[in-house]
Amino acid sequence: MRRAASDQVRQRLADLIAWWESCAARSGVTLDNNPSVGNKVGGLTTIYEKSLGAVAKGGSSPLVEVLDYAQPVEGPGLVFMDSPGYDPVSVTGQVAGGCTLVCFTTGRGSAFGFCAAPSLKIASTSELYARMEEDMDFDAGQVLEGCDIDEAAADLLAEIVAVASGKPTKSEAQGIGEDEFNPWNRSGVL
């Protein structure tokens, strides 16, 4: 909320959160639970905790807009799109909103790939990258191993530019992603 670029953006985000809290309550659940087995095994205790990681990945840019699911992104800057945490549904909405290259971070090794837009998979640990090298496009864990963060960022940017310029991601090279297109059915995915 503190990063909202305007009072209107802040209020839109607050209204959206309030709506989801109400929706969850009608379903008999709360937003501070953690329904994913993988998240629990990975050490996360709540979905709020996971969301803090997502906020950190957004850097320090101001939040300039809050969009509905699949609503087109019309300008530059950090944008929040209302979508569930289920990867195929979330990315489907992002691509429908105009995303042309997905930078997909994974800590547990999601084999997600998306045929509608290149999906560059970023492993959060070198152990994960080594274990799934055939499916991971970039080892961000190298920073934890002592690599300079600016050097790693430059390498990641170079990989993003290469993929945006036509280099196939590992998912594309393997033909993975045909089954990932999944529009949001709000009653089926919270």
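The values are calculated or read from the model by the stated rules, or taken from the named source; none is laboratory data. Everything numeric here is computed off the predicted structure, so don't read it as measured data. Cβ coordinates were reconstructed from backbone atoms using ideal geometry, including for glycine residues, and neighbour counts include every protein chain displayed.
For the reader, a short list of remarks on this structure follows.
- Considering residues of the range 71-106 that are under 21 Å from Gln174 (Cα atoms) and assigned to a loop (DSSP other than H, G, I, E, B) only, the residue farthest from the chain's Cα centre (by Cα): Thr100
- Residue check, Asp139 farther than 30 Å from Tyr69 by Cβ and buried (at least 19 other Cβ atoms within 10 Å of the Cβ): yes
- Any hit, the range 40-58, residues being outside the structural domain of Glu21 (by TED's automatic domain parsing), among the hydroxyl-bearing types (Ser, Thr, Tyr) and free of Cβ contacts under 8 Å to residues at least 40 places away in the same chain: no
Yes/no per residue for (1) of a type in the set (S, T, N, Q); (2) exposed (fewer than 14 other Cβ atoms within 10 Å of the Cβ); (3) outside any loop (DSSP other than H, G, I, E, B):
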site: Met1; (1), (2), (3): no, yes, no
site: Val9; (1), (2), (3): no, no, yes
site: Leu13; (1), (2), (3): no, no, yes
site: Trp19; (1), (2), (3): no, yes, yes
site: Ser22; (1), (2), (3): yes, yes, yes
site: Ala25; (1), (2), (3): no, yes, yes
site: Thr30; (1), (2), (3): yes, yes, no
site: Asn39; (1), (2), (3): yes, no, yes
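- Cβ pairs under 8 Å, 6+ apart, first in the range 131-146 and within 15 Å of Cys103 (Cβ to Cβ), second of a type in the set (Ser, Thr, Tyr) and part of a strand (DSSP E or B): Met136/Thr106; Ala140/Thr105
- Residue within the range 167-185 that is in contact (Cβ under 8 Å) with a residue 60 or more places away in the chain, over 28 Å from Tyr69 (Cβ atoms) and not aromatic (Phe, Trp, Tyr) present: yes
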